[in-house]
1. Ratio of alpha-carbon Rg to the 2.2 N^0.38 Å globular estimate for segment 1-75, to two decimals, please.
2. Counting other C-beta atoms within 10 Å, which of 6, 47 has the fewest, and how do the rest follow?
3. Sort out for me the Cα centre separation of segment 98-155 from segment 1-61, rounded to whole Å.
């Protein structure tokens, strides 16, 4: 296995996690990752060695998602954010934590695809603004505005939730 393929293989779990935030089912996410890797292997000569292979792979994956029109076909579903949180928690999440994670997933699911992708890349995957811009093939200012609009949208959704008496938690 050459170095580029090895570097790509290391990114598969992250690519799959990102794909799960974009499409409806794990099967669609796997297909998206497979299409991404096939295209990346075929076009690996286009990767600039001084750049991040991670950003380049995310860009390939996101472009496939947009070009295949998957973002328009997307049905509203539960974002699998719990699996992301479980991977980062050292102890099992308490029931209240799980409810909070579920609320976050539902709120994220209501965001437009471009805002959700920006938030996931920066907040979950740990990309810098420059890396997220490269992955989404947009200027850094566009990433910043998508993050700002997405965060504002999330704040609005949480404000609605907190004002709805049936959603208040009782201790």
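1. It is 1.07.
2. Fewest-to-most Cβ neighbours within 10 Å comes out as 6, 47.
3. 19 Å
None of the figures in this text is laboratory data; all of them are computed from the coordinates on show. In this text, all values refer to a predicted model and were calculated from it rather than measured experimentally. Glycine gets a Cβ as well: all are built from the backbone with ideal geometry, and neighbour counts include every protein chain shown.
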